[in-house]
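Computed from the coordinates by the stated procedures, all read-outs in this text should not be read as laboratory data. For clarity, every value in this text was computed on a predicted model and none was experimentally measured. Please note: Cβ atoms are built from the backbone with ideal geometry, for glycine as well, and neighbour counts cover all protein chains shown.
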Amino acid sequence: MASCNIFPVSTNPPLRVELAQTLFSAFHLNVTSASLTESSFLSSLFCSTDTAQTCYGICPNADLAGVGVRIAFWLSSILQAILVFKSPEDSSQGAWTAAILTASVTIPAFVQKRQRQLSIYHATLVLNFATFSSIVSLAVAPMCTIWRERPVEDYTILLPDDIQITVYDEGEEIQVDQPNQSFNVPQRKVHRQRLVLSLALVTQIALQWTWAVMLFTDPEYAQKACNPYTIVMLFGKPFTTHSVNHGYFAVWPCWLLFNLSITLIWGILLVSSSSPAVHPVLSRQPSHLSHEADSVASTSWRRYLPVDRGRRLVVAENVLAFLISTFFLVSSEVQVGKNKSCLLGGENTEWSFGQVAALLVS
């Protein structure tokens, strides 16, 4: 567990008096001796500048890694998976919720990273959140019915003269002016939903990849005095930043490549698993049977329970994605626990507007 120094003013009464006099002379602040012993006041002074030569704690960033933000990510991913299982037709809404949450932490992280206001502790947590959210979205996406092609009869409707119809769930009417006119009524909705879901997934992946690349190309972080003592979880093992820089540096790029490869692999699996030949896990219609299953002897149990390789592939992907996402969840919480004694300002106990907003979005 990481350990940080104690503010000298909290244990040195003469120094408290001197500091109180200095603050009054500089800002006309009537600071009492009791106020100078409060950690919140001292941490505010410490975190107001990035020139400290001694580490007294990691400055809080509740809108990126507060308890509310972490709960929002975990809860959003769980609810997204439940939504896809219960109502695959509404899955695009859950995908956009995850994309908005990912953007709400990565975009501020981009800005803070450029301004040298982001610590290595919060930077690694943001990467964990983005990867966790992306893999959950990619894993449940193949079960969305919107990817499956329907028979041509479901799309095309041949209408006689002067027939007025209302498109189901479209809220608009179509007037037929020509006899035997053909309309692709549901196809427009299908393409629109596919586009919306694809944009949500691409947005998440783009943000996660951009953030991982930025962590590799830009090694500058805030609080240089605290960075060497910060503990980060890489491949489930705790490392101090100092040990990574002076002995295990290869672990860092491997960890970043691991995060990138996860979304790359599941993106490829999404394309193959969303094929019309592979039906959703909960679908009652089996996927196309392989020739090997057709040639099984009639006495085999496979004759009565045909092998559905497509569905098995989706199940295997989801199980593996569940294990990896659980790994990221546990690693993030362990990293928070390892650095708990060094976190200033009650990041894990106090609630801010950003944390409440993240929970409401989830």
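Region 237-254 to region 259-274: how many Å between their Cα centroids?
27
Scan region 232-268 for chymotrypsin sites (Phe, Trp or Tyr not before Pro) in coil per DSSP, keeping those whose Cβ has at most 15 other Cβ atoms within 10 Å, and list them by number. Walk me through the intermediate numbers first.
Details: sites: 235, 239, 248, 249, 255, 258, 266; in loops: 235, 248, 249.
When the chymotrypsin sites (Phe, Trp or Tyr not before Pro) of region 232-268 are filtered for loop state and at most 15 Cβ neighbours within 10 Å, 235, 248, 249 remain.
Tally Lys/Arg at +1 and Asp/Glu at -1 over every other residue whose Cβ is under 10 Å from the Cβ of residue 214; what's the total?
+1
Over what distance in Å are the Cα centres of region 319-352 and region 188-234 separated?
If we compute the Cα centre of each part, the gap is 17 Å.
Report, by chain and number, residues whose modeled amide H sits under 5 Å from the one on residue 58, excluding near sequence neighbours (fewer than 5 apart, same chain).
Amide H neighbours of residue 58: 343, 344.
Within a Cβ distance under 15 Å of residue 111, other residues only, what is the Lys/Arg minus Asp/Glu net charge? Please list the in-between numbers first.
Details: positive: 113, 114, 116; negative: 63, 218, 220.
Counting the neighbours of residue 111, the net charge comes to 0.
Add +1 for every Lys or Arg and -1 for every Asp or Glu among the other residues with Cβ under 14 Å from the Cβ of residue 334, and state the total. Write down the numbers at each step before the final one.
Working: positive: 70, 237, 338, 340; negative: 333.
Combined, the nearby Lys, Arg, Asp and Glu give +3.
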